Every structure is written in structure tokens, then in C-alpha cells.
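Written below as C-alpha cells is the structure these notes are about.
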Amino acid sequence: TGAFTYDPGFTSTASCESGLTFIDGDQGVLLHRGYPIGQLAENSSFMEVSYLLLNGELPTQDELTKFENTITRHTMLHEQLATFYRGFRRDAHPMAVMCGVVGALSAFYHDSTDITDPTQRMIASHRLIAKMPTIAAMAYKYSVGQPFLYPKNDLSYTGNFLRMTFGVPAEEYEVNPVVEKALDRIFILHADHEQNASTSTVRLAGSSGANPFACIAAGIACLWGPAHGGANEAALNMLHEIGRPERIPEFIARAKDKNDPFRLMGFGHRVYKNYDPRATVMQKTVREVFAALNVSDPVFEVALQLEEMALKDDYFVEKKLFPNVDFYSGVILSAIGFPTTMFTALFALARTVGWVAQWNEMISDPEQKIGRPRQLYTGPTQRDYVPVSQR
Ligand code: CMC
């Protein structure tokens, strides 16, 4: 009963007011607090963008130094959490591990879970941003059977993550500055994206007043899906499956075939009906990383040619399907040395900033209510119970 607007997939429902991120999908524009993503990716750092998203303005040098020190102070995980990892199978997907470990943080940090207190909310936010690299790196280390590395506080946020992932206790790890910059940029490109599925999940979970660490675990669970953050892993797997440029037409034909569930992964977007501005930066970054590491990868050529052919094809033109952020990111991450299973974990690490910023914005909104959608009921009308002997 009741008159509700039915809007499957929420294609035309604004779930909240937000001052964080603006997207013009037709023009391919993405702004964080008004700043174009291209300018932030080129000139800023992930820590600076994190500050911007959380606090509304770019930091002064003093504010940035203080923020970086605060994040650095929270990078360690409670030692007992190392034991928690050992409960997972070695071949567990890092996203499964991240979901579990981040959810488990809710049992460790009771002094930052009074969500009515803005100071506690900020401490929880800082803890989450700071601990995600440690958690993700430990998920990787566990999967390859290497010892966990503690954070090293004289490194940058991203340099520290690289060392915890690829370093070993037996030798010094030298952070490659080009790789560090490229990964930091990838984090910037993933930091926030208005009311996407995982952010909406975090908001909905948080709207009941739930524990912040548990809310972020819910966001991680949602992000994992191949239609969302899982697409970066799926895109690189697809490029490997295609293997060589001659096979591209076969895959384009499959993507167009209504009877084949196959889609071009890393293509298409609910909001962008133009080139995803994040994909532009990503494509440029591939070249920088290849040059710095003196490597190349035949899948990059496959990706470039696939993009070129798809963008000339009527099907993709009419449906306005363009490469999205996930199309080229895997090529870079793979060149840096990450296995495909870590790709979505890196997305989760970076998106944590957007999640906590959106969660803070929601909780401090005086209009905030529990999220409680209605439905159009399609089941049976009222009927009487029939005892089992008479059915
Ligand atoms: N390959 C082939 N056809 C596609 C694709 C694709 N990648 N994406 C959309 N279409 C077609 C789809 O079949 C549909 O055709 P029709 O109208 O004839 O039924 C039409 O385009 C519209 O698609 P939709 O699924 O109704 O659109 P949506 O807004 O619900 O979905 C999407 C958006 C991103 C889930 C979808 O484009 C997709 O599945 N892309 C592949 C997965 C991917 O790259 N996801 C990452 C998104 S960006 C980063 C992130 O969110 O994490």
C-alpha cells in the first residue's frame, strides 16, 4: 500500500545532500570540493586530498604536516589482529580478509565509537585512513607467506604502504619515487565518487547509528562486486584473456551480443556518458610507470586498441560507453608488482577516505534520518494459514 516512486537502481533518486564531490556525467567532469580531479591528480597528494575531503578546504602547510603526523601515529594495528589473520585460509581473497579485519576493528577501538561526538568521529576516521594500508599490506603478506612488516613512520603514506607490501625484513626496501607518485595518484583517483554503491552502503549502514568500523566493512563488501570496484581485477583478467590485438573483434562482438552475458570490463558507467576523467589520467600514468621501471606489457597495447575499436563501434557510441577508472589501473598495478587479487583491495584503501568523509557529513547533517526505502509489494494478498496436514 502507499504511493511510492519506483526507481530500480536509484537512477533518479537523490539520497542525500552532499558538499563533497560533483560529477557532470555528460561532460566527463569530476570535482572534489570544487577542484577538478585532473588538477588534484597532477599537483596534489593523497594526504592533501584526504584532508580536503574530510575538512572541506585544502590544508595550509602547517595543517598538512599536522594531519600527516596524526595519520602516521595511527598506522599500527593492534597486535592481536595479527592472530585474526591466521584464521583465514592462505588463498583467501584479500577483499574477504579486508572485510573481516576492518569489521573486527569495531571490537578494538571502543574509544572512538561514540558517533555523537565529532572528536571521536574524527579519531575513528583517522584510524581507518591510517590503518588501511597496514591491513591491505598484511592481507598480501599473508597470502604469499611472508612475515608482516610494521609501518615505518619516516616514509610517506604511499611509500610506507609499498614497503609494507614489497619489503622483507632481510633487506632495506628502497621506495621508487616514480612508483610512489603513480600509486599516490591512483589513490587520489579513487578517493571519492559521490553516491556510488559502496558509499551508499556505508551511508545506509551508518544511518542506523552503527559502529563506524563495521560500516566501512559493509562498504568493502559492496565494493568487491565486479560491477563496482571488482571491475579493475576483472578488466585486467579480460585483457589477458584477449591476449593479442587480433582477438579484439571477437570480444567486441561478444560484448554486443544480447545472448552473451559478457561485458567489456572497465567500460561503461552509470553516471559518465563521456570519457571518465579518471581514465585519462590513468592512461598517462601507465606510460610514466613503464618508462620509470623500464618495462612494457603487451596487454597495454591490447587495451589501447580495444578502446580505439570500441569507441568507433556504433553499439558503444549509441550507448555512450567509454573506458572508466578501472580500465587502465590494472595495467599499472600489475607493472608495480601487485597481483590482480590485490587491485580491489587498493581501491578499498583509497575509497576509505571518501567513505569516512561521507559518513561524517551524514552524521553531522541535522536532517539525518535512518535510511529506510519502501517497496512495491508483489506477493500474495492476505490468506489464512493452512495446517501442514491439509496442504
Ligand atoms: N559492455 C557491454 N555493454 C554494456 C557495458 C559493457 N561494459 N556496460 C553497459 N552496457 C550496455 C548494457 O548491456 C545496456 O544495454 P541495453 O540498454 O541494450 O540493455 C546498456 O549498456 C546500459 O547498461 P546498464 O547495465 O543498464 O547500465 P548501468 O548504469 O546499470 O551499469 C555499469 C553501469 C558500470 C555497471 C556497467 O556499465 C557495467 O557493467 N560495466 C562493466 C563493469 C565495470 O567496468 N564497472 C566499473 C564501473 S566504474 C568504477 C566503479 O564503480 O567501481
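Nothing in this text is a laboratory measurement; each read-out follows from the coordinates by a stated rule. Nothing here was measured: the structure is a model prediction, and the numbers come from that model. Cβ placement follows ideal geometry from the backbone for every residue including glycine, while neighbour counts extend to all protein chains displayed.
Looking at segment 365-379, is at least one residue more than 12 Å from the chain's Cα centre (by Cα), without any contact (Cβ under 8 Å) to a residue 24 or more places away in the chain and within 26 Å of S50 (Cβ to Cβ)?
There is at least one residue in segment 365-379 that is more than 12 Å from the chain's Cα centre (by Cα), without any contact (Cβ under 8 Å) to a residue 24 or more places away in the chain and within 26 Å of S50 (Cβ to Cβ).
Inside segment 94-120, can you point out the residues that are touching a Phe, Trp or Tyr at 6+ places or on another chain (Cβ under 8 Å) and assigned to a helix (DSSP H, G or I)?
P94, M95, A96, V97, C99, G100, V101, V102, G103, A104, L105 - these are the residues of segment 94-120 that are touching a Phe, Trp or Tyr at 6+ places or on another chain (Cβ under 8 Å) and assigned to a helix (DSSP H, G or I).
Condition test on P277, is it in contact (Cβ under 8 Å) with a residue 12 or more places away in the chain, surrounded by fewer than 15 Cβ atoms within 10 Å (Cβ to Cβ) and more than 8 Å from the ligand (Cβ to nearest atom)?
Here the answer is no, as P277 does not meet what is asked.
Would you list the helices (runs of 4 or more DSSP H) that sit entirely within segment 293-357 and hold 3 or more residues that are surrounded by fewer than 23 Cβ atoms within 10 Å (Cβ to Cβ) and within 12 Å of the ligand (Cβ to nearest atom)?
So the answer is 314-318.
Scan segment 177-198 and report the pairs whose first residue is within 30 Å of A14 (Cα to Cα) and acidic (D, E) and whose second residue is part of a helix (DSSP H, G or I) and more than 15 Å from the ligand (Cβ to nearest atom), with Cβ atoms within less than 6 Å and a gap of 6+ or a chain change.
D192/L53
Do we have V286 as in contact with a helix residue (DSSP H, G or I) (Cβ under 7 Å, 6 or more places away or on another chain) and assigned to a helix (DSSP H, G or I) here?
Yes, satisfied.
Show the residue pairs meeting these rules: Cβ distance below 7 Å; 6+ apart or different chains; first residue within segment 260-273 and more than 6 Å from the ligand (Cβ to nearest atom); second residue assigned to a loop (DSSP other than H, G, I, E, B) and not hydroxyl-bearing (S, T, Y).
Listed pairs, sorted by first residue: V271/G25; Y272/G25; Y272/G28; Y272/F322; Y272/N324; K273/G25; K273/D26; K273/K320.
Would you be able to tell me the number of residues in segment 197-211 that are surrounded by 24 or more Cβ atoms within 10 Å (Cβ to Cβ) and under 12 Å from the mean Cα position of the chain (by Cα)?
2
Can you run down the residue pairs with Cβ atoms below 8 Å, 6 or more apart or on separate chains, where the first is in segment 43-60 and closer than 18 Å to T285 by Cβ and the partner is surrounded by 18 or more Cβ atoms within 10 Å (Cβ to Cβ) and acidic (D, E)?
Taking only residues 6 or more apart or on different chains, the pairs are S45/D184; F46/D184.
Being more than 18 Å from R372 (Cβ to Cβ) and of a type in the set (A, V, I, L, M) is the filter here; which residues of segment 1-35 pass it?
Result: L20, I23, V29, L30, L31.
Whether any residue in segment 239-252 is more than 12 Å from the ligand (Cβ to nearest atom), touching a residue at least 40 places away in the same chain (Cβ under 8 Å) and of a type in the set (V, I, T) is what I want to check.
Within segment 239-252, one or more residues are more than 12 Å from the ligand (Cβ to nearest atom), touching a residue at least 40 places away in the same chain (Cβ under 8 Å) and of a type in the set (V, I, T).
Name the single residue that is farthest from L52 (Cα to Cα) among those in segment 74-84 being assigned to a helix (DSSP H, G or I) and without any contact (Cβ under 8 Å) to a residue 60 or more places away in the chain.
In this case the residue turns out to be T83.
Does E361 satisfy the condition of being surrounded by 15 or more Cβ atoms within 10 Å (Cβ to Cβ), acidic (D, E) and closer than 24 Å to V202 by Cα?
yes
For (1) more than 16 Å from the ligand (Cβ to nearest atom); (2) touching a His at 6+ places or on another chain (Cβ under 7 Å), each residue gets a yes or a no:
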position: N176; (1), (2): yes, no
position: V179; (1), (2): yes, no
position: F187; (1), (2): no, no
position: A197; (1), (2): no, yes
position: A205; (1), (2): yes, no
